[in-house]
Every structure is written in structure tokens, then in C-alpha cells.
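Enquirer: What follows is a structure written as C-alpha cells; I'll ask about it next.
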């Protein structure tokens, strides 16, 4: 059981669990889903056990969430205009569409 | 003789119309569904909404012109590359030379809003501090944060848009988030940095 491991095992790391130093390096990529499955499992095991790294992970996760909230919906009218533009483009063969550049 | 010329001409017409139909199908299935993402990304790359729309329009036109060279795989990556090239051309028209390495400039804090303790203290809510921290980032850092965290692109997709290696995206993004995190810590909204 990972919960029964002493805290220093987490710091140093094991074959199945990343060390604090490794987590410090990998944490953001891990939260972005940009590490391989094995690395993700090693980081996740560490975060289960190490409170300090867990706190750090929560902070970055909150930062990511707050940034994602800033995403404003794409204005529907702009989307509509571009869709119409793209559909009109298809009425002209690709080679001749240079004439449409000013559209 | 005349009959065979007509047959050749008619075959060519058939092939042309087949190609056009195929091009339309590819464009409809691969390009049109990406307009929303393109618009988001363009908004992160430009300051004005009208510029973003123009940039996407330019991208759509370029995509249609070169649709016959597209192999149908990874349409988003293909479109993001086109968008980046369109953006570079527009930028070049406006500003002919870039004299500085943007990452070095970012490290020196050149040309962008600087951190100000007052800014942090004024609004002590999480989102307000995040907004202030984001505005204070150098443009190269802010763009990566917007592309990945706000627009939801992967590192590889952001690298396509910016025309830089994936490692550069990762490095800018991580450094940018550390700065944001440090501002949160300065406002007592995050734990202080634990170790050097």
C-alpha cells in the first residue's frame, strides 16, 4: 500500500514512484497530459503520498483552471461569416481562388 | 480524330470535376470543423478581434488553394501551420525585422509590463491576480499560455502555430506558469516556493 510508505521513500523515489526532484521537473507536463503513461503513473503515486508536491500540484491545477475560465466563447457572428466565406470559396476551383483574396 | 480529341477533353473534364468534388469533400470534412479553433488561436495571436477574423479568412483561403496537396491526415496541425505562415507574412509586412531573440528579451523583461507589487495587492482574489499576472508576462510567454491553457492546444499544436520547437513551448509555458504561481504566492493565494 502506498499510504504505508514512509515519507522519505517518496522524496527519494522508487522504481514505481517518482522522487520529489523528478516531480518538480515533470509536474506541469504531467498536468498537461504530456507525459507517457508510465511516467504519469509514477508521478501520480508520488502525489498520493507527498503532501508538499500534492500542494504544488493543486496550485498549478488551480492556475490552469483559472486560465481555462478566461476562454471567451467564439463570437457566433464571426464564426458564421467565416463559414460562409469558406463555403463560397468552394464554388471556385482551388487554382482560381487567388482572385478571391480580397473577399 | 476530332472524336478522340473530344473524348480526351471529356475525360479531362470528368477527372477535373472528380478532383473538385474530392477537394470539396476534404475541405468540408477537414477544414470547416476547425474554424472555431482557428478563430480562438488567431484571437490569441492578434490584439484585435477584426485582425483575428482576417487572419482566419486568410488561412481558409490558403488552405483551399493548397487543398490538393493535403494528405487528409492531421488537419489541425496542417491548418495551424498555414495560420502561422499567414501571420508571419502579415507581421513581416508591418514590422520588417525582429532584432532580438524573444526568449532572451522575455528573460530580461524587455518591452512588456513589469510586475508591480501594488498590482498584486489591489485585487486579492485568485482570478484577478491570475489576470494581472498574465498581463505582466512578456508577449512570447503570454501567447504560449493562451494557446495551451485558454485555447486548449497541445504542446505540439502550439509549436506549429508559433513555429518553434516543442521544447521551447514547454520551457516558455512552464516558466510563465511559475511566474503566475509566484504572483499568487506574493498575494498569499498559493504556498511559498518550497525549495530552491
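The values are calculated or read from the model by the stated rules, or taken from the named source; none is laboratory data. This one's a predicted model, so the numbers in the text were calculated from it and none came from an experiment. Cβ atoms come from the backbone with ideal geometry, glycine included; neighbour counts cover every protein chain shown.
Enquirer: Just one of B:67, B:82, B:130 is more than 12 Å from chain A (Cβ to nearest Cβ) and modelled with pLDDT of 90 or more; which is it? Walk me through how you get there before you give the answer.
Expert: On the way: B:67 fails: more than 12 Å from chain A (Cβ to nearest Cβ); B:130 fails: more than 12 Å from chain A (Cβ to nearest Cβ).
Selected residue: B:82, the only one of B:67, B:82, B:130 that is more than 12 Å from chain A (Cβ to nearest Cβ) and modelled with pLDDT of 90 or more.
Enquirer: Which of (1) surrounded by 17 or more Cβ atoms within 10 Å (Cβ to Cβ); (2) in a helix (DSSP H, G or I) is the odd one out, the single condition residue A:34 does not satisfy?
Expert: Exception for residue A:34: condition (2).
Enquirer: Restricting to region A:76-103, name every residue that is farther than 18 Å from residue B:66 by Cβ, facing chain B (nearest Cβ under 7 Å) and modelled with pLDDT under 90.
Expert: Of everything in region A:76-103, nothing turns out to be farther than 18 Å from residue B:66 by Cβ, facing chain B (nearest Cβ under 7 Å) and modelled with pLDDT under 90.
Enquirer: Where residues in region B:169-194 are more than 13 Å from residue A:60 (Cα to Cα) and in a helix (DSSP H, G or I), which of them is nearest to the other protein chains (Cβ to nearest Cβ)?
Expert: Looking at residues that are more than 13 Å from residue A:60 (Cα to Cα) and in a helix (DSSP H, G or I), I get B:170.
Enquirer: Among the numbered criteria (1) more than 9 Å from every other protein chain (Cβ to nearest Cβ); (2) out of contact with any helix residue (DSSP H, G or I) (no Cβ under 6 Å at 6 or more places or on another chain); (3) farther than 30 Å from residue B:39 by Cα, which one does residue A:47 miss?
Expert: In the conditions (1) more than 9 Å from every other protein chain (Cβ to nearest Cβ); (2) out of contact with any helix residue (DSSP H, G or I) (no Cβ under 6 Å at 6 or more places or on another chain); (3) farther than 30 Å from residue B:39 by Cα, residue A:47 misses (2) alone.
Enquirer: Residues in region B:133-168 that are more than 9 Å from chain A (Cβ to nearest Cβ) and part of a loop (DSSP other than H, G, I, E, B): how many?
Expert: Going through region B:133-168 one residue at a time, the tally reaches 6.
Conditions tested, residue by residue: (1) at pLDDT below 95; (2) farther than 25 Å from residue B:131 by Cβ.
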| site | (1), (2) |
| --- | --- |
| A:5 | yes, yes |
| A:13 | yes, yes |
| A:17 | yes, yes |
| A:31 | no, no |
| A:45 | yes, yes |
| A:50 | yes, yes |
| A:66 | yes, no |
| A:70 | yes, no |
| A:73 | yes, no |
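Enquirer: In this structure, is residue B:55 at the interface with chain A (Cβ under 8 Å from one of its Cβ atoms) and surrounded by 15 or more Cβ atoms within 10 Å (Cβ to Cβ)? Walk me through how you get there before you give the answer.
Expert: Values: at the interface with chain A (Cβ under 8 Å from one of its Cβ atoms): no; surrounded by 15 or more Cβ atoms within 10 Å (Cβ to Cβ): yes.
In short, no.
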